[in-house]
Amino acid sequence: VVWHFQMVHHDLWDYDLATPPTLITVEREGRPVPAVVQATKMGYLFVFDRETGKPLFPIDEVPAPTSDVPGETTSPTQPVPRLPRPLAPLGLEPVDAWGLTPFDRAACRREIDSLRSDGVYAPPSLRGTIAYPGFLGGMEWGGVGFDPSTGLLVTNTNRLATVATLIPRAAADTMPAPGPEDKFTLASQEGTPYAVRREPLLSPLGIPCSPPPWGMLHAVDMRTGEVAWEVPLGRMTDLTKVPTPMRWGSPNLGGPLVTGGLVFIGSTMDRRLRAFELASG
């Protein structure tokens, strides 16, 4: 092992590095630097000199929330890159609640208010904790695209709030397994004091409580760390059975392809292949 870097300390959130690392060459002070980029479910992009492991943009150890679960000790800090900025929102508050109707929005606001929600590293809890951007990310397993001639890195993100609720062992062992109509999963975590229930945070109408867009496509200039452009990605037509506005985007899995000044990407819930201008989005 030549070097290593831990991007999540004491992972409690399923924030594994699902996206493969990407080898790129970036220009720094007029010279090419061999680099490696790691995209994360948290919405962060970490960029390193791939020969030495030195971060190409500063990384800070930022104080993280503590757990209120007996026996659980969380890491006091988590690493956060200064650049690029996070490509997904980091936390959800009642004021952020979204809905198609005032009734729907009010129900989402009450639900968010009842749950723990203090940022992307809020630990799972007995009352339920909001994970946002969620278990799907941020950036998922699809990876990123890179254009060497412009230094632009292109990636897609999800913005779908999810909830993790710890279930004490005695109660968990008597719970029936979720059926195909249920919108949650139950991980038994045998040999531990708790099982965990995981589910999307949805309104009574079955629409995400987190505000749209629910999927985005981004381009980041790797020379400066600045976001060059970002646009909503996809529609929800497979889920809603009716057309939805482009500005809503959709959850998406699968990465982009960059070639010839264009970005091609499928991955969305409407079974379409899209092309974007690399320079402008």
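Observations on the model:
- Rounded accessible area per residue of the range 39-116, 1.4 Å, Å²: 48
- For the range 2-83, fraction of C-alpha pairs farther apart than 16 Å, in %: 57
- Helical content alone sets the calculated 222 nm signal of the chain at -2000 deg cm²/dmol, taking -39,500 (n - 2.57) per DSSP H segment of four or more residues and averaging over every residue.
- Whole-percent carbon and sulfur share, accessible surface of the range 23-100, 1.4 Å: 54
- Radius 12 Å from Cβ of Trp3, net charge of other residues (Lys, Arg +1; Asp, Glu -1): 0
- Compared with the alpha-carbon gap, the fully stretched path from Glu226 to Asp49 is longer by 61.9 nm at 0.36 nm per residue.
- Centroid-to-centroid separation of the range 133-187 and the range 205-281 [C-alpha atoms, Å]: 17
- Mean separation of Cα contacts under 8 Å, 6 or more apart, over the residue count of the chain: relative contact order %: 15
- The stretch between Thr185 and Asp173 holds 2.9 nm of extra length on full extension. This uses 0.36 nm per residue minus the Cα-Cα distance.
- For the chain, the longest principal axis of the C-alpha atoms and the axis of helix 102-114 are separated by about 90°.
- For the range 147-281: relative contact order, % (alpha-carbon pairs under 8 angstrom, 6 or more apart): 23
- Extending 7 Å from Cα along the Cβ direction at Arg110 and again at Ser280 yields two label points whose distance is 4.7 nm.
- Atom-type composition of the exposed protein surface of the range 123-249 places 59 percent of the accessible area on carbon and sulfur (1.4 angstrom probe).
- The peptide list 250-262, 136-148, put in order of mean Cβ contacts within 10 Å with the highest first, becomes 136-148, 250-262.
- Contact order relative to length of the range 36-144, as percent, for alpha carbon pairs under 8 angstrom and 6 or more apart: 30
- Förster radius 30 Å - calculated FRET efficiency between Arg272 and Asp68 (Cβ-Cβ, nearest 0.05): 0.10
- Low-density loop cleavage sites - trypsin sites (Lys or Arg not before Pro) in the range 176-205, where at most 10 other Cβ are within 10 Å (DSSP): Lys183
- Difference of contour (0.36 nm per residue) and Cα-Cα distance, Gln6 to Leu126: 40.5 nm
- Taking Cβ atoms as reference points and 13 Å as the exclusive limit, the residues near Gly99 contribute a net charge of 0, counting Lys and Arg as +1 and Asp and Glu as -1.
The values are calculated or read from the model by the stated rules, or taken from the named source; none is laboratory data. Remember, it's a predicted structure, so these values are computed and weren't measured experimentally. All Cβ positions, glycine included, derive from the backbone under ideal geometry; neighbour counts span all protein chains shown. Protein only, heavy atoms only, side chains kept; ligands, DNA and RNA dropped before computing areas. Shrake-Rupley method; radii C 1.70, N 1.55, O 1.52, S 1.80 Å.
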